[in-house]
Amino acid sequence: MNQNTPIEKPKVSIFDPWLWKMAWRDSRTHRGRLMLFMSSIVLGIAALVAISSFGESLENAIDDQAKSLLGADLEIRTRNPFTETQIALFDSLGGEQARETSFGSMAYFTSNAQTRLVQVRALEGRYPFYGEIETTPAAAIEEFHTSGGALVDQGLMLQYQLTIGDSIRLGEKSFAIRGKLDKVPGAAGAGMVVAPRVYIPFADLESTGLIRFGSRVFYRKYFKFADNSGTEALAERLEKEYREERLRAVTSEERRESFGEAMGNLYRFLNLVAFIALLLGSIGVASAIHVYVKQKLSTIAVLRCVGCSIRQTFYIYLIQAAAMGIIGSIVGAILGVAIELYLPAVLKDFLVFDVEFTISFSAILKGLLLGLGITLLFALLPLIAIRKISPLLAIRASFESTDDGEEIDTLRWSLYGLIALVITLFAINQMEHWTQGILFALGLAVAFGLLAGLAKLLMYAIKRFFPRSWGYIWRQSLANLYRPNNQTLVLMLSLGLGTLLISNLFLTQENLLEQVNATDSNNQPNLILFDIQEDQREAITELITEQDMPVLQTVPIVTLRLQDIKERAVAEIRDDTTSDIPDWALMREYRVTYRDSLHDTEEVIRGEWVPEVDPMADTIAVSLEEGIARNLTVDVGDVLTIDVQGVPFITKITSIRKVDWQRVQPNFFMVFPKGIMEEAPQIHVLVTRASNPEKSAQLQRAVVESFPNVSAIDLGLVLKTVESILDKISFVIRFMAMFSIFTGITVLAAAVITTRFQRIQESVLLRTLGARRQQVSRIIALEYVYLGGLAGLTGILLSLASAWAISVFAFRIDFQVSLLPILAIWIGVVLLTLLLGMLNSRGIATRPPLEILRTEA
Amino acid sequence: MSSILKVESLSKVYRSGERDLTVLNDVSFDIEEGRSCAIVGPSGSGKTTLLGLCAGLDRSSSGRVILNGVDLKEMDEDARSHVRNQYVGFVFQNFQLIPTLTALENVMVPMELRGVRNIHNRAEELLRRVGLGDRLDHYPIQLSGGEQQRVSLARAFINEPKILFADEPTGNLDTETSEKISSLIFELNRDAGTTLVLVTHDMDLARQTERIIRLKGGKVVNDDFQTNPVLQEAK
């Protein structure tokens, strides 16, 4: 060959069968390990497939059962009794009709003399027209329609040990319990916790005597039309016509849309949590492949020596990673379908109907593509290092590079960019708005960055302040965290994130409950009696005093509506599409009070508090809570026209208050000074404190017996309700967090097994040098204790910071930490890491060195 | 006879911390086709570095290597790989078999890389030739050191290389096995007419070649063409 003869390089294609054969051959003896790497992504894919597939089933269910969400074609509701004209109009509409009046009231259970605030629903007609109210016994609903009685929420019956046939008293009338309410169309389990329902016949409503002045009542009318095509237009027309009466007309389509939106949010949230698990798994895969490639250095060098090109060598390992991604995704998809079966049980408290199990092939395909794509992207990071492996390694175990300094690896940085882009695009696809997607991606980057940064800081601190005076075993195991090919950082990341999620959830839940609990101290009010009529006030005050309890506050309540804001009519503002004022703030019935002083839950932040005004004044001073002022876009000096039982008043905002809403006592959006509202029709709230739950129950019983229209809410009930809702929410979050935690565990297992041979060599060397088995075992065990300890500490420190931020900024409550449970979480993480580590290292310290080397080499 | 390997003013400098370390300094020599040559010298004299550069496993700091008429310095890494696959065979001190491949598969790899598929018979024949006809499907870990080196020899000769580079081929073997392996190397080399470049500490082995190049401190201190009794006898 001539010196100038050009050498033609053969063309390389990834589809060259030899490359696939070589990838298969090269994977021999490592397949178990490759499967373990693959398992890191299985759970993430499983979660994504399960949730996407479930989301699709949910969408189908919403479409199929859209009408049963509302139970009718049209629902008309208002806070005021229907007028004669309205009733005449409804009658003219034809179709099947039903009506319902609902309100909160105390129920008195005769069998055990207990009381509880419930939601009374007085029903007339065969509502629901679509779907059905399910009861136990099943015939109870029919009996209820024909013979009356009451249908009681199943949770309530369980809690108060009520049985069918027991008597429940509502106001002045007792009802026999006909059956237990198992399922009501359109009502979710979580909603029932706040206000358990009791259905009574509409005909009996009057005789309860519960609806009085000031009662918060919803009046509903349901329609089923033979021809549903004009319902949308009818709803629009009715709302427009009865705008002043604040009448709402909801069609089944509108309900379907709003419900679909709410479910969409839930679905998106769950999907994002699943995606985090997949990312964690992918980071685990990248880390495992990094070590795998390092262990393959000599094979790669030999292949290069005998003429394998850089690209061919790279493809051999890329094929292995792709195969791993495909198998992992397939296994994940199968597992996902299995998990989907379990999802309705997890989300039962948030679903209002049965979701039929269907396998969504598009969800599976999406999961497979995403799994393969993400695995390959993350696997490429360590794989591109193959480009730089010199064939010289075949003749020299180590050689020094002649490169002058580190050059910027554009391919590596392009990969980082591509990963960031894919994550951001996925997040944008999941979110309603692209900015949310970018924020999620940024948040994720910050969270991972903080975890990695803190983990690195801890590791640096240990290295910097290495405890040289410690005994050999302690030092050796600590030093092992820095051994070549260590995966300390990635383990701290995955285990740390799992700990962060669990610990944060716990801390936030604790703080919310603690906030409610804290009210039980320092003579704070813990029992509120409301809906007290003017003529009942004195008698109830007396009753409280008789029970040796203090009347801490007597609060008069006047109801009013907004008429004009800054001299613009509310109707005009509602028509203005550029207005940012939410409809609820414009339309609501405001419950306000009047007094001459501020409470300790309030603080004037702008303007000046006016204690009293002249009854003859033209303009009345009013103090607004800062949140509602923001919603109404008003401030000190602005004028509001209010409508008090049909009488208009002009008011001027004189102060803006900051209110601590967390306390169990009545707080108000609007507070008037003394001197003007005294003559307005009003009801009262009495606030007291019961020294123990028995006393509280005793007073509630006494009040319900003598004043059945008066309702009571006590701290115990609030606490139980909050606890129960938090439990339901945190169950779902915990379920999702489990994917991250188990992913962390598989990453840990993969990491331990990947470095197993290295550990064996160290162990053999130590034993050859005279270390006892016990000493070797202790070194291995301590290494896992350090690892679990550091990962747990990283997660807990970050969870403290994030729970603090959530408490202070999102819930605006004081942040407190109970150390014992946090310590328990930490110990749990350490023990789990230790257990997994020791399980995977078993046999290393006990078998003869030579035997291990022969079998493992 | 034309030259198969031409080394011209070859130098290699490694950067070690703040200072440069010259491992090879202005080395030049030619090796004619079909000849055998040993590179000897004490540890750290630059033998292995020289072998690596001659085989195109690394780039020189200055000077050039012309292998079978091709200047390796002008080529990128993949082109050098291709040259190795076409013209070069390797035998390593620590055998360097791919642990996940059987003996037969290890031998087939260089030809498979060329795109030649039905190479099974030829690989089997070579393994029989080195005395491993009954160990075709054994993995490296199931073979002794001597057996592994035999597989390595079969692999080195499967692509009928023009030049064989052997890096301490007997360095990890006992005396008896060493003798067997060295005989096999020379035998295969002679039969195939391959040029042999051997790096070794073992002077007995070196003396069996036609030429001994001595390195010290990265420089050629002696280039000795000898009349080798063993080779004469074989001829």
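Side notes on the structure shown:
- Residue check for residue A:238: crowded, with 20+ Cβ neighbours inside 10 Å, under 30 Å from residue A:591 (Cβ atoms) and not β-branched (Val, Ile, Thr): no
- Filter result for residue B:215 (part of a strand (DSSP E or B), of a type outside the set (Asp, Glu), within 14 Å of another protein chain (Cβ to nearest Cβ) and closer than 24 Å to residue B:57 by Cα): no
- Summed over the stretch A:456-498, residues that are of a type in the set (Gly, Ala, Ser), in contact with a Leu (Cβ under 9 Å, 6 or more places away or on another chain) and modelled with pLDDT of 80 or more total 2.
- Flag if residue B:106 is closer than 21 Å to residue A:22 by Cα, more than 8 Å from chain A (Cβ to nearest Cβ) and part of a helix (DSSP H, G or I): yes
- From the list A:695, A:728, A:658, A:720, the lone residue that is surrounded by fewer than 21 Cβ atoms within 10 Å (Cβ to Cβ) and part of a strand (DSSP E or B) is A:658.
- Enumeration of residues in the stretch B:190-200 that are assigned to a helix (DSSP H, G or I) and surrounded by 24 or more Cβ atoms within 10 Å (Cβ to Cβ): none
- Test: residue in the stretch B:149-167 that is under 18 Å from residue A:24 (Cα atoms) and either buried (at least 21 other Cβ atoms within 10 Å of the Cβ) or in contact with a Leu (Cβ under 6 Å, 6 or more places away or on another chain) (or both): no
- Filter result for residue A:771 (free of Cβ contacts under 8 Å to residues at least 40 places away in the same chain and within 26 Å of residue A:834 (Cα to Cα)): yes
- Subset of the stretch A:110-128 that is touching a helix residue (DSSP H, G or I) at 6+ places or on another chain (Cβ under 9 Å) and small (Gly, Ala, Ser) - its residue that is farthest from residue A:721 (Cα to Cα): A:125
- Applying the condition of being more than 14 Å from every other protein chain (Cβ to nearest Cβ) and either hydrophobic (A, V, I, L, M, F, W, C) or not in a helix (DSSP H, G or I) (or both) to the stretch A:282-302 and asking which residue is surrounded by the fewest Cβ atoms within 10 Å (Cβ to Cβ) yields A:293.
- Here residue A:29 fits the description: within 14 Å of chain B (Cβ to nearest Cβ) and in contact with a Pro (Cβ under 9 Å, 6 or more places away or on another chain).
- Going through (1) among the aliphatic types (A, V, I, L, M); (2) surrounded by fewer than 22 Cβ atoms within 10 Å (Cβ to Cβ); (3) over 27 Å from residue A:156 (Cα atoms) one by one, residue A:76 falls short only on (2).
- Extreme residue, nearest to the chain's Cα centre (by Cα), among residues of the stretch B:69-88 that are at the interface with chain A (Cβ under 7 Å from one of its Cβ atoms) and closer than 21 Å to residue B:109 by Cβ: B:84
- If you filter the stretch B:117-133 down to residues that are farther than 18 Å from residue B:184 by Cα and more than 10 Å from chain A (Cβ to nearest Cβ), you find that the one that is farthest from the chain's Cα centre (by Cα) is B:118.
- Residue selected from the stretch A:15-70 under the condition of a type in the set (Val, Ile, Thr) and in contact (Cβ under 8 Å) with a residue 24 or more places away in the chain, by the criterion nearest to residue A:265 (Cα to Cα): A:51
- Residue pairs meeting the criteria (Cβ under 7 Å; at least 6 apart or on separate chains; first modelled with pLDDT of 75 or more, in the stretch A:709-721; second assigned to a helix (DSSP H, G or I) and among the hydroxyl-bearing types (Ser, Thr, Tyr)): A:714/A:696
- Answer residue from the stretch B:41-68, given it is at the interface with chain A (Cβ under 7 Å from one of its Cβ atoms) and under 12 Å from the mean Cα position of the chain (by Cα) and is surrounded by the most Cβ atoms within 10 Å (Cβ to Cβ) among those: B:57
- In the stretch B:144-165, the residues that are hydroxyl-bearing (Ser, Thr, Tyr) form Cβ pairs under 7 Å with partners that are assigned to a loop (DSSP other than H, G, I, E, B) and at pLDDT below 95, at six or more places apart or across chains, as follows: B:152/B:92; B:152/B:95; B:152/B:96; B:152/B:97.
- Restricting the stretch A:391-418 to residues that are of a type in the set (Gly, Ala, Ser) and modelled with pLDDT of 85 or more, the residue that is farthest from the chain's Cα centre (by Cα) is A:414.
- Residue ID - farthest from residue B:214 (Cα to Cα), chosen from residues in the stretch B:10-33 that are acidic (Asp, Glu) and outside any strand (DSSP E or B): B:18
- Selected residue (criterion: farthest from the other protein chains (Cβ to nearest Cβ)) from residues of the stretch A:303-336 that are buried (at least 24 other Cβ atoms within 10 Å of the Cβ) and among the aliphatic types (A, V, I, L, M): A:333
- Applying the condition of being in contact with a Phe, Trp or Tyr (Cβ under 9 Å, 6 or more places away or on another chain) and under 21 Å from residue B:221 (Cα atoms) to the stretch B:15-34 and asking which residue is farthest from the other protein chains (Cβ to nearest Cβ) yields B:22.
- Residue in the stretch A:223-232 that is touching a residue at least 24 places away in the same chain (Cβ under 8 Å), within 30 Å of residue A:157 (Cβ to Cβ) and surrounded by fewer than 20 Cβ atoms within 10 Å (Cβ to Cβ) present: no
- Among the residues making up the stretch A:157-185, those that are touching a helix residue (DSSP H, G or I) at 6+ places or on another chain (Cβ under 8 Å), without any contact (Cβ under 8 Å) to a residue 60 or more places away in the chain and not aromatic (Phe, Trp, Tyr) are A:162, A:163, A:164, A:173, A:177, A:178, A:179, A:180, A:181, A:182.
- Condition met for residue A:573 (over 24 Å from residue A:637 (Cβ atoms) and among the hydrophobic types (A, V, I, L, M, F, W, C)): no
- All conditions but one from (1) closer than 18 Å to residue A:11 by Cβ; (2) among the hydrophobic types (A, V, I, L, M, F, W, C); (3) at pLDDT 90 or above apply to residue B:101; the one that does not is (1).
The values are calculated or read from the model by the stated rules, or taken from the named source; none is laboratory data. Computed from a predicted structure; not experimentally measured. Using ideal geometry, Cβ is built from the backbone for each residue, glycine included, and neighbour counts are taken over all protein chains shown.
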